[in-house]
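Student: Got a structure for you, written out below as structure tokens; questions coming shortly.
The values are calculated or read from the model by the stated rules, or taken from the named source; none is laboratory data. In this text, all values refer to a predicted model and were calculated from it rather than measured experimentally. No Cβ is skipped: glycine too gets one built from the backbone with ideal geometry, and neighbour counts run over all protein chains shown.
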């Protein structure tokens, strides 16, 4: 109930009965991700520019609950990481 279904880069046809989605209050989103060439070019640009994600804090796996509490507090600026 009330979930979201994301269709990522659907290449083939198909049929969806909207009644079934509506009865369960499901949100359907189509996501276009670009071509394989665009993906290769993006990865090349990331590697060439030595881009790194901005990380606000890192937590050990055993401290995961603290990470979720910190995220809920909305005091972070960038991404938070839980090391597995």
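Student: Out of all the residues in the stretch 27-38, which are surrounded by 10 or more Cβ atoms within 10 Å (Cβ to Cβ), under 17 Å from the mean Cα position of the chain (by Cα) and not in a strand (DSSP E or B)?
Tutor: 34
Student: Taking the conditions exactly as written (surrounded by 10 or more Cβ atoms within 10 Å (Cβ to Cβ) and either closer than 27 Å to residue 81 by Cα or more than 17 Å from the chain's Cα centre (by Cα) (or both)), does residue 55 satisfy them or not? Steps first, answer last, please.
Tutor: Working: surrounded by 10 or more Cβ atoms within 10 Å (Cβ to Cβ): yes; either closer than 27 Å to residue 81 by Cα or more than 17 Å from the chain's Cα centre (by Cα) (or both): yes.
Against the criterion (surrounded by 10 or more Cβ atoms within 10 Å (Cβ to Cβ) and either closer than 27 Å to residue 81 by Cα or more than 17 Å from the chain's Cα centre (by Cα) (or both)), residue 55 qualifies.
Student: So if I check each of 78, 41, which one is at pLDDT 85 or above and surrounded by 10 or more Cβ atoms within 10 Å (Cβ to Cβ)?
Tutor: Numbers: 78 fails: at pLDDT 85 or above.
Criteria check complete, one pass: 41.
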